[in-house]
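So the structure is just underneath, and the comments pick up after that.
The values are calculated or read from the model by the stated rules, or taken from the named source; none is laboratory data. Please read these numbers as outputs of a predicted model, since none were measured by experiment. Don't worry about glycine lacking a Cβ; one is built from the backbone with ideal geometry, like all the others, and counts go over all protein chains shown. Note: accessible area is taken over every heavy atom of the protein model, side chains too, but ligands, DNA and RNA are not part of it. Shrake-Rupley method; radii C 1.70, N 1.55, O 1.52, S 1.80 Å.
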Amino acid sequence: MSDTSPLRRAAITGIGHSQIGRRLRRGDLDLTVEACLAAIADAGLDRDDIDGLATYPGTGIGMGGFSGPGSPELQDALRLQLSWHDGGAEGPAQMRAVIAAAMAVGCGLARHALVYRTVTEATAQAGRASAGIGGSGLGSGGPSLGGGGSGGGVPRFGGFLQWFLPFGAVSAANWIGLVAQRRIHEFGLTRTQLAQIALNGRRNATHNPGAVYREPLCLDDYLAARMISTPLCLYDCDAPCDGSTAFVVSAVETARDAPHAPCRIEAVGTALRGRPSWDQFDDMTTMAARDAAASMWERTDLGPSDVDVAQLYDGFSVLALVWLEALGFCGRGESGSFVEDGTRIAREGTLPLNTAGGQLSGGRLHGFGLLHEACVQLRGEAGERQVPGRCEVAVVSNGGGPLAGSMLLVRDTG
Amino acid sequence: MLADGPSLRLLPRLDDCNRFFWTGGADGVLRFLRCGECRRFTHPPVPRCPACLSRDMAPEPVSGRGTLHSFTVNHQQWIPGSDPYVVALVTIAEQADLRLTTNLIDCPADAIAIGMAVEVTFVGNGDVHIPLFRPAGL
Ligand SMILES: [Zn+2]
């Protein structure tokens, strides 16, 4: 990627969170507006300055609490005067909305684009449980039992779900359990190695007042936890939460006036080369992260050794291991030994990982929380959880499984 | 002891594209869509062969044999009343990249091993016949 790349003309100048927690019982638009106003203020802007808007995934996707308000709803709520807007679920995972905003800004379609992702899955699930609807225990990433067509009282499903639901493979925990088990077979991954992702996240979350789980967690707790779908136990699966994350992506020439150090987008990983499928991907130990990460490094002169902090998607613990390999921090199959005793990925280690607790302990803000923390670290504003030493380059990944995206951010020094 | 599957089997919605697959088990035969030109199987069904783009696609029987590529034992009560069951990923013998997500049945937990030989069996549910796999030669 040359320095004239449109993406390099975009930087993250504002970041914002709403209140984050379990079962807040607040509306998704309420949380979204809170996060967006925080991000706009953080960028030193007013809502009248915002002329671009993007979100993931837009309305009507997934179960209750998954999608948040769509971009037209937010445009109306803030009466934004937009030159460009976008929302959708397809693309390089959740960060597709941030990439779209950066491209729009880089191409001159907008100067300051607001990007947000909102989840209210914890409140939505609590509502279902109290209503006792069909006993649907289907978790995040799974379908609704009420979502099928007609037929003998049993819901019927088309699309990709038809190849999984008849076998009780109803949750991403099942689909990713297959990935984890294959890694045990091919690479000798152990549960103690896998545990390091959860234990590292919890250690870091104790230094993050906004994290949803902050009680200490030890290896014995992990090994004694109940199984969800082998080899994934309770602590390998992130927890639904409520919260909204927002960013302002600005043209780099305006970014240098921003109150905080801008985080410039150095490169993005957006490739999709294998089959976008939970069971037909050629290499079931890695899936789409492999090619997304490779395409990111093809677009920059920087390399893995330049990265100071990593925020890697851990919606399921094993995905963080997949990303460590895909991004070249270790060789294929070597992530288990890379994280073995937790020292490399600790805040004081050579590759500090998921420094706000990741999604496993920080809460399932669905990719955007990881990007938020990358910016906090690059700005040097992480307080007691700030990584020691140089922090100029951060990598963020979203997704895993059939869709994946990654982003390399650098602190802009003008 | 592991269950054969969830307490309730959610079912596919049949259409002209998938009917051969989900109803074909009535005669105990597993079928996949196969290209008449390049002879490659493909799954899930699509109108053209993704390899050679031929439209000459038709269901063809396979042996029903395969190997276990991966598995996971589900414990969570996504579908209430389910005892632990095995979600299996099976590679179909006829083609190395042809896989099916299914349930492994009739296999004790400590005997499940990636790479083990398995064979198809069907469980009927009205018009749908769901392909399950069990250890070969039981
Ligand atoms: Zn063909």
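Things worth noting here:
- Cα centroid separation, the stretch A:91-126 to the stretch A:30-67 (Å): 8
- Computed from backbone phi, the HN-Hα couplings of the stretch A:239-248 come to 10, x, 9, 10, x, 10, 10, 9, 9, 10 Hz, rounded to whole numbers (Karplus: 6.51 cos²θ - 1.76 cosθ + 1.60, θ = phi - 60°; Gly and Pro given as x).
- In the stretch B:9-23, burial by the other protein chains removes 50 Å² or more of 1.4 Å probe accessible surface, compared with the chain on its own, from B:Leu10, B:Leu11, B:Arg13, B:Trp22.
- Once both labels are positioned 7 Å from their Cα atoms along Cα-to-Cβ, the gap between A:Ala77 and B:Asp16 label points is 4.4 nm.
- In the stretch A:251-338, Rg over Rh equals 1.05, where Rg is the alpha-carbon radius of gyration and Rh the Kirkwood radius from pairwise Cα distances.
- Whole-angstrom Cα spans of the stretch A:24-81 along principal axes, big to small: 35, 23, 15
- For the stretch A:306-384 and the stretch B:60-138, distance of Cα centres in Å: 35
- Computed over the protein assembly as shown, the range of Cα coordinates on each principal axis works out to 72, 50, 48 Å, biggest value leading.
- Accessible area per residue, Å², the protein assembly as shown with all protein chains present, probe 1.4 Å: 36
- Neighbour net charge for A:Ile99 - beta-carbon separation under 15 angstrom, K R +1, D E -1: +3
- Each residue of the stretch A:368-377 was assigned a 3J(HN,Hα) from its phi angle through the Karplus curve 6.51 cos²θ - 1.76 cosθ + 1.60 (θ = phi - 60°); the sequence is 5, x, 5, 5, 4, 5, 4, 5, 4, 5 Hz, with glycine and proline shown as x.
- Mean ellipticity per residue at 222 nm, deg cm²/dmol - from DSSP H runs of n ≥ 4 across the protein assembly as shown, formula -39500 (n - 2.57): -7000 deg cm²/dmol
- Stretch in chain B that is longest and holds no trypsin sites (Lys or Arg not before Pro) that DSSP places in a loop and that have at most 14 other beta carbons within 10 Å: B:56-138
- Estimated FRET transfer efficiency when R0 is 51 angstrom, pair B:Thr23-A:Leu37 (beta carbons, to 0.05): 0.40
- Cα pair count fraction exceeding 19 Å, expressed as % - the stretch A:201-279: 67
- Relative to the current alpha-carbon distance between A:Arg25 and A:Ser305, full extension at 0.36 nm per residue lengthens the span by 96.5 nm.
- For the stretch A:86-106, backbone nitrogen atoms closer than 19 Å to the point 7 Å from A:Ser5 Cα along Cα-to-C-beta are found at A:91-106.
- A cut-off under 11 angstrom between Cβ atoms defines the neighbours of A:Gly400, and their net charge, with Lys, Arg +1 and Asp, Glu -1, is 0.
- Inter-centroid distance (Cα atoms) of the stretch A:166-209 relative to the stretch B:1-51, Å: 30
- FRET E, pair A:Thr190, B:Gln95, Förster distance 41 Å, beta-carbon r, rounded to 0.05: 0.80
- Spin-label model, A:Ala294/A:Arg256: points 7 Å from Cα along the beta carbon direction are separated by 3.8 nm.
- Amide H contacts of A:Gly357 (H built 1.01 Å from N, under 5 Å, at least 5 apart or other chain): A:Ala205
- Under a 5 Å amide H cut-off, with hydrogens placed 1.01 Å from N, B:Asn103 pairs with B:Ala88, B:Phe133 among residues at least 5 apart or on other chains.
- When you count the other C-beta atoms within 10 angstrom of each residue and take the mean per peptide, A:352-361, A:227-236, A:260-269 line up highest first as A:352-361, A:260-269, A:227-236.
- Within the accessible area of the stretch A:185-322 (1.4 Å probe), percent carbon and sulfur: 52
- If you sort B:Glu94, A:Glu348, A:Glu373 by accessible surface, 1.4 Å probe, largest first, the order is A:Glu348, B:Glu94, A:Glu373.
- Percent of C-alpha pairs per 5 Å bin in the stretch A:155-240, short distances first: 3, 13, 20, 19, 16, 13, 8, 6, 2, 0.
- Fraction of C-alpha pairs exceeding 28 angstrom in chain B: 19 percent, rounded to a whole number.
- Here r is the Cβ-Cβ distance between B:Glu60 and B:Ala136 and R0 is 22 Å; the resulting FRET efficiency, rounded to 0.05, is 0.55.
- The residues of the stretch A:225-257 listed by number as losing at least 10 Å² of accessible area in the complex, against the isolated chain and with a 1.4 Å probe, are A:Arg226, A:Met227, A:Ile228, A:Ser229, A:Thr230.
- Projected over every direction and averaged, the convex hull enclosing the alpha-carbon atoms of the stretch A:311-414 yields 6.6 nm².
- Other-chain or far-sequence residues with amide H under 5 Å of A:Ala267's (modelled H): A:Leu408
- Residues A:Arg9, A:Arg25, A:Arg117, ordered by accessible area of protein heavy atoms at a 1.4 angstrom probe radius and largest first, appear as A:Arg25, A:Arg9, A:Arg117.
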